[in-house]
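**Q** Let me give you the structure first, and then I'll get to my questions.
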Amino acid sequence: MKAIINTSRKQGKISKYIYGQFAEHLGRCIYEGLYVGEDSDIPNKNGMRTDVVNALRELEIPVLRWPGGCFADDYHWRDGIGEKSKRPYMVNTNWGGVVENNHFGTHEFFELCEQLGTEPYICGNVGSGSVKEMRDWIEYMTFDGDSPLANERRKNGREKPWKLKFFGVGNENWGCGGNMRPLYYCDLYRRYSTFIRSYGDEPIFRIAGGPNADDAEWTETLMQNIANATEGISLHNYTYETDWENKGSSTCFDKNGWYSLMADSGRVESAVTLHESIMDRYDPERKIALIVDEWGNWFDVEPGTNPGFLYQQNTMRDVISAMLVLHAFHRHNDRVRMANIAQMVNVLQAMILTDGEKMVLTPTYHLFRMMKGHMDGERVDIDYASDEIDFGGKKIPKISVSASEKDGAMTISICNVSLDEDESVEIELRDGVYLSAGAELLTAVNMNDCNTFDAPDTVAPRALDVSLSDGILSLKLPKMSAAVITLK
Ligand code: AHR
């Protein structure tokens, strides 16, 4: 395959927030995955497990969404502050009916964000919470002056307000967040968002609960009724091996399962394009962001695990599909300005899996680490025509490439979807002078290989040989692989 990168033709910034994450009170994401409590034998700092935090810091995670998901519309923040032994218990009815002891609450979330060096994105409760509850939470977190709520925060150990930029007004309001009709949600949104006051120096960026997948009516109604009162609209789009009823196994799949997932990954871009076209009619200047705050691969849970915990393994299939989706977000960078893969640890397409004190990095973790050069880079125009793989009449591009430039360095990410054929790649770098090239490759011997606690490095990155001569970058991309090249 031949490609031309037109270095001087910039296509706008790829927001770093596209590489955001999501952590919900679901299964073992928060408890055990991230938070073990101060008294745990697992090494921790203020309750956050050190091994997981250290590994996640490598990803330079720009933003973290919390506390849900469906959990957000059942969450009452007052239950999660103050002396831990006095915090009320609750039943996590959305996720396995387990008892939630509220030991991880607002203070712990900000502590986690501080340890990770990430910005917080909090999703408020519209489904079962009151306007007062939401407005008070924001004052509690962000007000610096003398008020009963700010003083209560101080009494609970935090003198200075936290910085909070992103706030979601409910989650999946068409489903677990209240089963609302779009116009009803718009009225609620207008009411709740009126009381989202900005106490800090920076205004709060409000994110309205947006559509599921291709629900055009939801977006149309939001744009007609709340476009003047929101900075962002969310979109949720998960990928399955076939569909919601046939999610498939994360590791036991054949060639069909591989290509079927690749084809379904393309649905994310169709959904983005659809909602973008609706938003463009009302907001041609693209002031309102499309925030894809839940995306990723959703498979059947690992056999023998709690069905409400959404625990799944992770292979090269997840790596390639994630790169296809991230490239789609890059292409829509002037509208898609945040995305949060679901979820950070032990849930769905996770970065990290844990088992008691053991921890393993997934192939998706490695991909996110490799691609971080794109964060806040200027997307650069790239011309290429890839062969297509015919899967039951659906055409899947064999190769996907994206490039961006930041601080004089060019990041090029590229993947080969084919299970059978390697690809020779030649990229002409027009109008740019680069003296050195370094590259990392992620691939596996078998398509189903995954990292386990006994064999944690089965799918791990290694150096890839590339050549850079007379402005031409050449490389051999093995079948079912993903690579990231950095040029300086
Ligand atoms: O990420 C798991 C769940 O998927 C979230 O709680 C919900 O918002 C979505 O349906």
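**Q** Determine the equivalent ellipsoid of segment 66-113 by diagonalising the alpha-carbon gyration tensor, then write out the semi-axes as square roots of 5 times the eigenvalues, largest first, rounded to whole Å.
**A** Details: eigenvalues 58, 37, 14 Å².
Rounded to whole Å, the semi-axes are 17, 14, 8.
**Q** Further question: R0 = 45 Å: FRET efficiency of ASN101 with LYS406, Cβ-based, nearest 0.05?
**A** Values: r = 43 Å, r/R0 = 0.96.
The formula returns an efficiency of 0.55 here.
**Q** For segment 229-305, with all protein chains present and a 1.4 Å probe, just round the carbon and sulfur fraction of the accessible area to a whole percent.
**A** On the way: 1500 of 2940 Å².
With neighbouring chains kept in place, the figure for segment 229-305 is 51 percent.
**Q** With every protein chain kept in place and ligands, DNA and RNA left out, what is the accessible area per residue of the chain? Probe 1.4 Å, answer in Å².
**A** Values: 18730 Å² over 488 residues.
Here the per-residue accessible area is 38 Å².
**Q** Which sequence of VAL433, VAL325 reflects their accessible areas, 1.4 Å probe, from the largest down?
**A** Working: VAL433 125, VAL325 5 Å².
Ranked from most to least accessible, the order is VAL433, VAL325.
**Q** Determine the principal axes of the Cα atoms in segment 239-321, then give the extent along each, sorted from largest to smallest and rounded to whole angstroms.
**A** For segment 239-321, the Cα spread along each principal axis is 49, 28, 22 Å.
**Q** So what does log10 I(q)/I(0) come out to for segment 1-47 at q = 0.13, 0.14 Å⁻¹, using the Debye formula with one equal point on every Cα and no solvent?
**A** Debye output, listed in q order: -0.57, -0.60.
**Q** For the chain, what does the relative contact order come out to in percent, with C-alpha contacts under 8 Å and a separation of six or more?
**A** On the way: 1124 pairs, mean separation 93.0, N = 488.
Dividing the mean separation by the residue count of the chain yields 19 percent.
**Q** Also, I was wondering about something else. With 20 Å as the limit, write out which pairs from LYS10/LYS476; LYS16/LYS165; LYS372/LYS406; LYS13/LYS287 have Cα-Cα distances beyond it, or answer none. Write down the numbers at each step before the final one.
**A** Numbers: LYS10/LYS476 27 Å; LYS16/LYS165 15 Å; LYS372/LYS406 11 Å; LYS13/LYS287 14 Å.
Too far apart for the 20 Å limit: LYS10/LYS476.
**Q** Now for a separate question. Pop a pseudo-label 7 angstrom from the Cα along the beta-carbon direction at both ARG181 and ALA216 and give the gap in nm to one decimal.
**A** Reported label-point gap for ARG181 and ALA216 is 2.0 nm.
**Q** Need the C-alpha centroid separation for segment 309-357 versus segment 231-248, integer Å.
**A** When both Cα centres are located, 12 Å separates them.
**Q** If one puts a single equal scatterer on every Cα of segment 172-234 and applies the Debye formula without solvent, what log₁₀ I(q)/I(0) results at q = 0.14, 0.16 Å⁻¹?
**A** Computed log10 I(q)/I(0) values: -0.38, -0.49.
**Q** Further question: For segment 99-161, what D do you get in µm² per second when you plug the Kirkwood radius from alpha-carbon pairs into Stokes-Einstein at 25 °C and 0.890 mPa s? Could you put the intermediate results ahead of the total?
**A** Details: Rh = 12.9 Å.
Stokes-Einstein gives a translational diffusion coefficient of 191 µm²/s.
**Q** Still on this structure, I have one more. Tell me the chymotrypsin sites (Phe, Trp or Tyr not before Pro) within segment 77-143 that lie in a loop according to DSSP and have at most 13 other beta-carbon atoms within 10 Å.
**A** Numbers: sites: TRP77, TYR89, TRP95, PHE104, PHE109, PHE110, TYR121, TRP137, TYR140, PHE143; in loops: TYR89, TRP95, PHE104, PHE143.
Passing both the DSSP loop test and the Cβ count: TYR89.
**Q** Could you tell me the distance between the Cα centroids of segment 270-307 and segment 370-445, to the nearest Å?
**A** Rounded to whole Å, the Cα centres lie 23 Å apart.
**Q** Label-point separation (nm) for ARG286 and ASP383, each offset 7 Å from Cα along Cα-to-Cβ?
**A** Inter-label distance under the simple model: 2.2 nm.
**Q** Relative contact order, percent, of segment 114-181 when contacts are C-alpha pairs under 8 Å separated by at least 6 residues? Present the calculation step by step, with values, prior to reporting the outcome.
**A** Values: 71 pairs, mean separation 29.2, N = 68.
The value is 43 percent.
**Q** So in the chain, which Cys have no other cysteine's beta-carbon sitting under 4.7 angstrom from theirs?
**A** Those would be CYS29, CYS113, CYS123, CYS186, CYS252, CYS415, CYS450, since no other cysteine Cβ in the chain comes under 4.7 Å of theirs.
**Q** Then there's this: Treating each Cα of segment 252-291 as an identical point scatterer and ignoring solvent, apply the Debye formula and state log10 I(q)/I(0) at q = 0.15, 0.18, 0.22 Å⁻¹.
**A** -0.49, -0.58, -0.69
**Q** Could you work out how far apart the two model spin labels at ARG191 and ARG430 are, taking each label as a point 7 Å from the Cα in the direction of the beta carbon, and quote it in nm?
**A** About 5.6 nm separates the two model spin labels.
**Q** Still on this model: For segment 138-279, what D do you get in µm² per second when you plug the Kirkwood radius from alpha-carbon pairs into Stokes-Einstein at 20 °C and 1.002 mPa s?
**A** Numbers: Rh = 17.7 Å.
The estimated diffusion coefficient comes to 121 µm²/s.
**Q** Per the Cauchy relation, a quarter of the hull surface: what is the mean projected area of the convex hull of the alpha carbons in segment 261-393, in nm²? Present the calculation step by step, with values, prior to reporting the outcome.
**A** Numbers: hull surface 43.2 nm².
With every direction weighted equally, the projected area is 10.8 nm².
**Q** What does the charge count near MET344 come to, summing +1 for each Lys or Arg and -1 for each Asp or Glu among other residues with Cβ under 11 Å from its Cβ?
**A** Values: positive: ARG65; negative: GLU24.
Its environment carries a net charge of 0.
**Q** OK, next. Where in segment 284-320 is the amide nitrogen less than 18 Å from a point lying 7 Å along the Cα-to-Cβ axis of LYS255?
**A** Correct set: 317.
**Q** So, one more: On a full-extension model of 0.36 nm per residue, what is the gain between SER128 and SER85, subtracting their alpha-carbon distance, rounded to one decimal in nm? The partial results should precede the final answer.
**A** Numbers: separation 43, 0.36 × 43 = 15.48 nm, distance 2.47 nm.
Value of the extension gain: 13.0 nm.
**Q** To the nearest 10 square angstrom, how much accessible area does LYS394 have with a 1.4 angstrom probe?
**A** Here the accessible area works out near 120 Å².
**Q** Provide the three semi-axes, in whole Å and in decreasing order, of the ellipsoid equivalent to segment 1-151 as defined by the square roots of 5 times the Cα gyration tensor eigenvalues.
**A** On the way: eigenvalues 200, 84, 55 Å².
Values for segment 1-151, descending: 32, 21, 17 Å.
**Q** Another question, if that's okay. For the chain, which longest stretch is free of loop sites, where a loop site is one of the GluC sites (Glu not before Pro) that DSSP puts outside H, G, I, E and B and that has at most 16 other Cβ atoms within 10 Å? Mind showing how you got there, number by number?
**A** Working: sites that count: GLU38, GLU58, GLU60, GLU83, GLU159, GLU245, GLU285, GLU357, GLU421.
Of all site-free stretches, the longest is 160-244.
**Q** Across every pair of different alpha-carbon atoms, what Kirkwood hydrodynamic radius in Å does segment 225-276 reach? Intermediate results must be reported in sequence, preceding the final value.
**A** Working: mean 1/r = 0.0773 Å⁻¹.
Kirkwood hydrodynamic radius for segment 225-276: 12.9 Å.
**Q** I've got another one for you. Tell me the carbon and sulfur percent of the accessible area for segment 54-199, rounded to whole percent, probe radius 1.4 Å. Please report the intermediate quantities before stating the final value.
**A** Details: 2950 of 5920 Å².
Carbon and sulfur atoms account for 50 percent of the accessible area of segment 54-199.
**Q** Compute from the Cα atoms of segment 407-488 the Rg and the Dmax, the latter being the longest Cα-Cα distance, and quote both in angstrom.
**A** 14.4, 48
**Q** Report, to one decimal in Å, the Kirkwood hydrodynamic radius for segment 321-456 based on all distinct Cα pairs.
**A** 17.1
**Q** If you don't mind, there's one more thing I want to ask. Once the principal axes of the Cα atoms of the chain are found, what is the range along each, listed largest first in whole angstroms?
**A** Reported extents, whole Å, longest axis first: 67, 52, 44.
**Q** For every helix of n ≥ 4 consecutive DSSP H residues, a contribution of -39,500 (n - 2.57) applies; sum these over the chain, divide by its total residues, and give [θ] at 222 nm rounded to the nearest 500 deg cm²/dmol.
**A** Numbers: 9 runs with 115 residues, N = 488.
Rounded to the nearest 500, it is -7500 deg cm²/dmol.
The values are calculated or read from the model by the stated rules, or taken from the named source; none is laboratory data. The model shown is predicted, which means the values in this text are computed figures rather than measured ones. Here the Cβ is made from the backbone with ideal geometry for all residues, glycine too, and neighbour counts use every protein chain on show. For accessibility, only protein heavy atoms count, side chains too; no ligands or nucleic acids. Shrake-Rupley method; radii C 1.70, N 1.55, O 1.52, S 1.80 Å.
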